[in-house]
Amino acid sequence: MPFDQTDPGFRSPGPESVDHVAARRPRVVVLGDAVLDVWKWGRCHRLCREGPVPVVDVARTAKVPGAAANTAVNLAALGAQVQMVATVGDDDAGHDLRDALRRAGVGTDTVVADPARPTEVKVRVMADEQILLRYDEDCAPVPTDTTALLAALDTALADADALLICDYGVTLDDTIRDALCARRDNLPLLVLDAHAPARWQALRPDLVTPNAEEAAALLDTTEHTDHAQLFIDHRDELMARTGAAAVVVTLDKDGTVLLVDGKPAHRTWAVAVPENRSAGAGDTFVAALTAAVLDAMPLTGAVEFAQAAADVVLRSPGTSVCRCPDLRARLGGEGSGVLSRDQFIATVRRERAEGARVVFTNGCFDVLHAGHIACLNEAKSLGDILVVAVNSDSSVRRLKGPERPVNTAGDRCAVLAALSCVDHVTVFDEDTPAELLRATEPQLYVKGGDYSPDMLPETAVVTGYGGQVRVLNYLADHSTTTMIDRIRGRVGER
């Protein structure tokens, strides 16, 4: 399997990871259904006389790459060298689409212009940030010139690091699929984003990214209402029906769940935004995920990196692109939950007053590793808000010795805040977070480890105000001390 799953603590996604990914400059081929997205922006002041429909005074129109073309543009924005392989019409929309791709730095030499087919166009009419209407032009399926498309694909794949297939049911027919299956042993990293991933099972993709509806269709079950748990429970079935080495199910506003054989499931959480801000976020996610995997980022870090990229575009209307400065700011804690002690106390109290179930945990988190990530994900799933109290540098020295911490409190907080499962972070200077617990009274206090609640000094404080204490699952062979010893051993070998 072409994924780096060793020592995940070494590559936690922080702001520096954006530059690292961009500097890699991977060569990525995007194959799939390219669409021209047209956005018409205006204002609405009145209804039409001819019927009870709004009249929009259009002030501006934007024509941007959509669907697979949007995925290609997002990859280029993150530093990749991208070649688009698609079939479009030899019409005005096709020319507009290819021009937009070229302006974004995407190679279009392998975009086939077919005079026998129209370019698919999706038009959205916006008034005061609200979508009033969407209509699709020339979206009826037209037979693809598979010979021309396969020739273009072979040219593009000559020196590629990855092939990203975006199949939305328009261009990529069974002939294309079968030809790719015949070439499978010679293909690079293969990522699949498809409405019907089971159709590509024989291709044995390295990574697939179905949404919740697509994944549920693979299972043909309504067993659970909790989508994430449904997919975790049916991991083996999902992997078998997609033929994939790893599956990332995107859950829209509920984030994603990563499923890899033999490893704990990993969740991410998305920022909450109105539905009219969601256009193209899935394209951004799979683009960023592919770029991170190509940079040898462990999959848990790669999905966090991709979630952060999707969060960036969710802040903007229209079909948006995640650019490096914005992603760097997002992963660097800009607008994140790193708070002063007083801010932290006030925020947690406000969250509780508004009805949120607050989960509180604490630790040194000196070098973030798989054990930390698993516990934080499990903690988040137990409530609405996850808050983390981090030992100060002086507190870590008292607890761990004079050579610790390896990373400063500021760096440790920034890495934690970049995780989608963590909502708020603060630093405390005492040996235990007892005072913070008394001041905030979270409903649930959790710790990861191989001990029981009665061994924790904080238990009396939490139960005293009516809260609950829970010890989370313990991942054997995962500890900061073990990881630091491993790093030092490697340095000593050089």
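The values are calculated or read from the model by the stated rules, or taken from the named source; none is laboratory data. From a predicted model like this one, the values you see are computed outputs, not experimental measurements. Here the Cβ positions follow ideal geometry from the backbone for every residue, glycine too, while neighbour counts run over all protein chains shown. The accessibility values were calculated without ligands, DNA or RNA, using every heavy atom of the protein model including side chains. Shrake-Rupley method; radii C 1.70, N 1.55, O 1.52, S 1.80 Å.
Counting pairs of alpha carbon atoms under 8 Å apart in space and at least six apart in sequence, what relative contact order in percent does the range 19-117 give? 31 percent. Approximating the spin labels as points 7 Å out from Cα along Cα→Cβ, the ASP173-to-CYS48 distance works out to 3.7 nm. Taking the Cα centre of the range 341-491 as origin and assigning +1 to Lys and Arg Cβ atoms and -1 to Asp and Glu Cβ atoms, the resulting dipole is close to 200 debye.
Computed over neighbours whose Cβ is under 11 Å from that of GLY464, the net charge equals -1, Lys and Arg +1, Asp and Glu -1.
Taking a ≥ b ≥ c as the square roots of the eigenvalues of the alpha carbon gyration tensor, the range 57-125 is oblate, as a/c is not under 1.5 and a/b does not beat b/c. Shape of the range 123-166 from its Cα gyration tensor (a ≥ b ≥ c, root eigenvalues): rounded if a/c is under 1.5, otherwise prolate when a/b > b/c, or oblate? The shape class here is oblate.
Taking the DSSP beta bridges with both ends in the range 122-263, the antiparallel portion is around 50 percent. Ranking ALA270, VAL396, LEU259 by Cα position along the charge dipole of the chain, where only Lys, Arg, Asp and Glu carry charges on their C-beta atoms, puts VAL396 farthest toward the positive end.
Considering the dipole of the range 341-491 built from charges on the beta carbon (Lys and Arg +1, Asp and Glu -1) around the Cα centre, which of GLY355, ALA418, LEU472 is farthest to its positive end? Value: ALA418. Taken one residue at a time, the phi angles of the range 444-452 give Karplus couplings (6.51, -1.76, 1.60, θ = phi - 60°) of 9, 10, 10, 9, x, x, 9, 9, 10 Hz. Gly and Pro are set to x. For the range 320-417, what class follows from the C-alpha gyration tensor (a ≥ b ≥ c being the square roots of its eigenvalues): rounded when a/c is under 1.5, otherwise prolate if a/b is larger than b/c, else oblate? Taking the square roots of the gyration eigenvalues as a ≥ b ≥ c, the range 320-417 is oblate.
Looking at the chain alone, DSSP beta bridges between its own residues are antiparallel in about 35 percent of cases.
Based on C-alpha pairs under 8 angstrom that are at least 6 apart in sequence, the chain has a relative contact order of 14 percent. The dipole here belongs to the chain: it is taken about the Cα centre, uses +1 on the Cβ of Lys and Arg and -1 on the Cβ of Asp and Glu, and is about 1160 debye.
Starting from the range 396-468, pick out the chymotrypsin sites (Phe, Trp or Tyr not before Pro) whose DSSP state is loop and whose Cβ has at most 13 other Cβ atoms within 10 Å. Sites meeting the loop and neighbour criteria: TYR451, TYR465. Could you check how much of the accessible area of the chain is carbon and sulfur, as a whole percent, using a 1.4 Å probe? That fraction is 48 percent.
At what distance in angstrom do the alpha carbon centres of the range 415-446 and the range 149-202 lie from each other? Cα centroid to Cα centroid, the span is 46 Å. Measuring between alpha carbons in the structure, the pairs from LYS253/LYS380; LYS40/LYS63; LYS253/LYS447 lying more than 19 angstrom apart are LYS253/LYS447.
So, R0 is 41 Å and r is the distance between the beta-carbons of ARG438 and ALA329; what FRET efficiency does that work out to, to 0.05?
For R0 = 41 Å, the calculated efficiency reads 0.75.
Using alpha carbons only, the radius of gyration of the range 341-491 set against its Kirkwood radius gives Rg/Rh = 0.95. Separation of the range 344-385 and the range 36-96, taken as the distance between their Cα centroids, equals 40 angstrom.
Considering every alpha-carbon pair of the chain, the percent of pairs per 20 Å bin, from zero through the bin containing the longest distance, is 22, 51, 24, 3, 0.
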